[in-house]
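As structure tokens, the structure follows; a few thoughts come after it.
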């Protein structure tokens, strides 16, 4: 069961990254071009947010199933950088990133000026993307 969740979490990560990058780029171009924030723009932001939330849920389940997650938290975890990444840094930073995505999308819905709506999405999604990329376990992802 753990292996299935690990594969789902790994492969879904590509969709999540693509969704966030696509939402970020569309919002950035929308703000720079001065176009009106429309229903299509809202839906692309929503897709990025939904994918991030699904990934978060799969990651939380995996955190409690995997021997690298919650059960790995001990005194020795902080001394080993890979254990610390899996047990602490990766989950906490990604929870923060999903929270930023949610705030950016929710804020964009409440704003009335198109440029500010686009700006809310590209700024929050951009920071979240940087956080996510900083805590991906690249050593196991690239194998």
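Go through segment 36-59 and count every residue that is loosely packed, with under 14 Cβ neighbours inside 10 Å and either outside any helix (DSSP H, G or I) or more than 12 Å from the chain's Cα centre (by Cα) (or both). Qualifying residue count, segment 36-59: 5.
Being on the phi < 0 side of the Ramachandran plot, surrounded by 13 or more Cβ atoms within 10 Å (Cβ to Cβ), in contact (Cβ under 8 Å) with a residue 12 or more places away in the chain and not in a helix (DSSP H, G or I), is that true of even one residue in segment 10-19? No.
When you scan segment 108-121, how many residues do you find that are in contact (Cβ under 8 Å) with a residue 12 or more places away in the chain and either farther than 16 Å from residue 46 by Cα or surrounded by fewer than 23 Cβ atoms within 10 Å (Cβ to Cβ) (or both)? Counting residues in segment 108-121 that are in contact (Cβ under 8 Å) with a residue 12 or more places away in the chain and either farther than 16 Å from residue 46 by Cα or surrounded by fewer than 23 Cβ atoms within 10 Å (Cβ to Cβ) (or both) gives 4. Of the residues examined, residue 93 is not one that is within 20 Å of residue 9 (Cβ to Cβ), crowded, with 21+ Cβ neighbours inside 10 Å and either in contact (Cβ under 8 Å) with a residue 24 or more places away in the chain or within 10 Å of the chain's Cα centre (by Cα) (or both). Consider only pairs whose beta carbons are under 9 Å apart and that are at least six residues apart or on different chains; among these, list those whose first residue lies in segment 52-75 and is at positive phi and in contact (Cβ under 8 Å) with a residue 60 or more places away in the chain and whose second residue is buried (at least 19 other Cβ atoms within 10 Å of the Cβ) and part of a loop (DSSP other than H, G, I, E, B). Close Cβ pairs satisfying both conditions: none exist.
We did not get these values from a lab; they are worked out from the coordinates using the rules stated. These figures come from a predicted structure and were not determined experimentally. Backbone-built Cβ (ideal geometry, glycine too); neighbour counts: all protein chains shown.
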